[in-house]
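Read through the structure below, which is laid out as structure tokens, and then see the notes.
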Amino acid sequence: MCVPQHVVCSGIRGKLLSLSSIFAVLPLRHRFPILLLMVLTALAGWVVATCVRLSPDLAPLLPDQGSGVALATFVRAFHGGDPGLVLLEGDDPAEVHQAALHLSTALIPLFPASTRLALEEQSLTPGRLLLLADDPLRRDLVAFLEPSALRARLAETRALLLAPGSAVLAPALARDPLRFGQVVAERRAPGARGRGDGELVSPDGRARLVIVEPPGSALHSEEARSFVRQVEAVIQRTQAEFPKVRVRLTGGPSLAVATEDLLRSDLTRSGLLALFLASAVFVGLQRRPRALLSVLPPLVAGSLLASAVGAVFSGGIAGVAVAFVSVVLGVGMDSGVHVHAAVCEAVARGVTSPAQEALARVIRPVLGAALVAGSAFACLALSRVEALRQLGLLAAAGEVATALWICAFSPWASGWLERRAGGLPPPPRWAFSLVRLSRHRLTRSVSLVAGVALLVMLFWTGGPDRSGGLLLIRPEGLAPQQVYRDIAARFDQLDRPPWVVLVRDVDEEAARTRADRLVEVLLGHPEVTGTMDSLTSWAPARTTLERRREALRALDLPRRAADLEAALQELRFQPDRFREVLEELARPTDPPTPDVLRRRFIGRDGARTVVQIETRAPDPEALTALVHSVDPAANVTGWGALEPTLREALAGDLGRVGGWAAALLVASLTLVVRRPRDVILAAAVVVMELVVVLVGMRALGIPLHLYDALVLPVLLGVTADEVLFVLWAVRRGEDVEDALVRETPVVAATALTTATGFSSLLVCSFPPLRHLGAVAALGSAVGVVLALLVVPAWARSAHSARSVSS
């Protein structure tokens, strides 16, 4: 059905007239704050559009103290420089090979630093391999230079060249007639990655991996996207040329782009869902759809102001921090619910200025509740994880900004919207039932017994599962991730999380020299290090090369070169074809350091150079002890260290953040309610809520880890919001029954809007966001039950006792 344009325009004009009419009824003294907030919100919108970005970097998800420092250093130094990986698969090995050649040929003009053939160009001749070898390996190689061993080795080479199909071996044997490279490869291990030519081939030849070096960093969004676009275009042409070969892209830039897109999708989906669900709950319980006009503009404005705070994070908004939009929309709706309910009540009573009367009545509890919730969120700034600090600051800013906007705008908007409304509709029947239930002494007894029983159950079961690890910080459902898994299966890689030894120094040469010294020691302990790969194997530091050159001078290499030339002539080779090899053996030259090796083994972390040594050590503790015996300043880390690192950070952060959150909660409640018994009651209720949530997490299989555990202190402030309004209803001197009946639907609405805001995170693909949303939604649901049953039961008891005594 087509809607006439004049009808659409009329509807838009009607909404704009409504908003302008709302502004017209504002008292003059309230217009300046509104205009100021509007200017700030417009400025925030510009900042969000131009300065705020989402970060695919994993480093902000890691602790920046303790053992997390080394792991974060590893991520910052090397993950931005990860190469692109193109996986080619097919049934015909020859066709896969041709497709790989076609792809590589098309990529080289675009990315000259592509790793294909980069290492082959080093011309690893016998002389250069002697220079690259450590002491034990050098002794093995020198043994082949003895006259009898030299002739036997050359005879084997001649037999290889005369065998059928030997043409493919001729170039390599021309550079290395003594096959020193074969000895080195056998020593470096079957587990070493790559063939040295930028391409991996599966054992059956049906899969090949082409490595492509990006010109920029994977952590710079535009550079990563440009790289992915260009490589994908080449992949599409290759796929069209070889339809039977499957070609897929993964690697650092591809993962970064996919992660950023996924975080943006999570942010959009969860934010819109939170807005829709919170609005639906608001309309369902308030039964006035038009009231959304008084609440939604402040919510959107508060979210924009909070988003603008993200501009102060130079690296962008990271990981779990994107949850702040859903949090602000869900928790921020609470203030609008209370303000609108107060205005409707004032209108029903026929008050001359319902907006002013309602604002005077609720501004203290509304701003007090925002202060309590904002303080709880702000406590996350004490975390050792940057992403959680971001979440706390953004959510706290959004909570406060939304409350200020609602207090400045919503009373007048609600007053204008409800100006023709009749009396208040009667409270729902379930409100009367809850109030009657909270009146019985049995409710207090049951709550006390249940609290003790749940506490015993918590200690007996041990609480939620505390496992986790790499899956926590890797988003799910990314296509490049699946390609990585296929690579691991095809090439027998990543059979366990790799460990790395990190050497950091301000001077690159010093860092490389220390790493070389470590490698030479570690090579003597294969039972500790397992298979190992390092820059030392390909391009040692200048200091290391000079030391090795001194050792080679004692071998009289010019004489050895003359012996090789004589042996070549004796076995009827043509010595002139090996002239470069002979000169290189007599006077070895320094090997170059190709970009592919630099990016793989050398990184930057701020002003420091970081050199990594990759190892598949079976026992990281033994590896750490060996490394520290050689270089106490070096660190052993890797993805295998993630889970213990997160557990260590959880133990520290939970106590620190939880302690400050509890202290701020008590201080805020004392400031707002000013009665010690009420403060004690509120504190007891939130403790009971935490116990119920922990037991519920165990029952529902929700794991407890660093990213969702720190929402528990935040629940202190969120639940205190509902508790505060219930206490306010009991203490303000009116009829307790009537006050509770009126307040119960409002508190239920605020709790449910908070729960819907958090539950919208369940649609996210990022595991920490889902877990955080599940824990917070469970806590909000438990909190509303406690606020509407336990708090009034015990508060009325104290109120009755005080009334009798007076």
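The values are calculated or read from the model by the stated rules, or taken from the named source; none is laboratory data. Fair warning: this is a prediction, and the values are worked out from it, not measured in the lab. Heads up, the Cβs are rebuilt from the backbone with ideal geometry, glycines too, and the neighbour counts pull from every protein chain shown. Note: accessible area is taken over every heavy atom of the protein model, side chains too, but ligands, DNA and RNA are not part of it. Shrake-Rupley method; radii C 1.70, N 1.55, O 1.52, S 1.80 Å.
Residues in the stretch 749-776 that are open to solvent by 10 Å² or more (accessible area, probe 1.4 Å) and in a helix (DSSP H, G or I): Leu752, Ala755, Thr756, Ser759, Leu762, Val763, Arg770, His771, Ala774.
For the stretch 393-429, the tally of residues that are in a helix (DSSP H, G or I), without any contact (Cβ under 8 Å) to a residue 24 or more places away in the chain and either open to solvent by less than 20 Å² (accessible area, probe 1.4 Å) or not basic (Lys, Arg) (or both) stands at 1. With (1) of a type in the set (D, E, K, R); (2) in contact with a strand residue (DSSP E or B) (Cβ under 8 Å, 6 or more places away or on another chain); (3) over 30 Å from Gly368 (Cβ atoms); (4) surrounded by 19 or more Cβ atoms within 10 Å (Cβ to Cβ) as the list, and Arg604 as the residue in question, which single condition is left unmet? Result: Arg604 fails condition (4) only. Determine if the stretch 313-332 includes at least one residue that is touching a residue at least 40 places away in the same chain (Cβ under 8 Å), touching a Cys at 6+ places or on another chain (Cβ under 7 Å) and either open to solvent by 20 Å² or more (accessible area, probe 1.4 Å) or not acidic (Asp, Glu) (or both). So far as the stretch 313-332 goes, no, none of its residues is touching a residue at least 40 places away in the same chain (Cβ under 8 Å), touching a Cys at 6+ places or on another chain (Cβ under 7 Å) and either open to solvent by 20 Å² or more (accessible area, probe 1.4 Å) or not acidic (Asp, Glu) (or both). Of all the numbered requirements in (1) small (Gly, Ala, Ser); (2) open to solvent by 10 Å² or more (accessible area, probe 1.4 Å); (3) closer than 21 Å to Trp728 by Cα, Ala342 misses one, and that requirement is (2).
Of everything in the stretch 131-173 that's among the polar types (S, T, N, Q) and within 18 Å of Arg560 (Cβ to Cβ), which residue is farthest from the chain's Cα centre (by Cα)? Per the stated criteria, the residue is Ser148.
Just one residue in the set Val362, Val328 is over 21 Å from Cys51 (Cα atoms) and among the β-branched types (Val, Ile, Thr); that residue is Val362.
Look at (1) surrounded by 11 or more Cβ atoms within 10 Å (Cβ to Cβ); (2) in a helix (DSSP H, G or I) and you find that Leu145 fails only one, number (2).
Here's the yes/no breakdown for (1) open to solvent by 10 Å² or more (accessible area, probe 1.4 Å); (2) among the β-branched types (Val, Ile, Thr):
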{"position": "His628", "(1), (2)": "yes, no"}
{"position": "Arg647", "(1), (2)": "yes, no"}
{"position": "Leu650", "(1), (2)": "yes, no"}
{"position": "Leu690", "(1), (2)": "yes, no"}
{"position": "Leu716", "(1), (2)": "yes, no"}
{"position": "Ala720", "(1), (2)": "no, no"}
{"position": "Val726", "(1), (2)": "no, yes"}
{"position": "Val730", "(1), (2)": "no, yes"}
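Scanning the stretch 582-627 for residues that are among the β-branched types (Val, Ile, Thr), in contact with an Asp or Glu (Cβ under 9 Å, 6 or more places away or on another chain), at pLDDT 90 or above and not in a strand (DSSP E or B) gives no hits. Would you mind stating whether Arg656 is at pLDDT 80 or above, more than 26 Å from Val726 (Cβ to Cβ) and open to solvent by 40 Å² or more (accessible area, probe 1.4 Å)? When the stated conditions are applied, Arg656 passes them.
When you go through Gln356, Gln390 one by one, which is the residue that is on the phi < 0 side of the Ramachandran plot and open to solvent by 10 Å² or more (accessible area, probe 1.4 Å)?
Gln356
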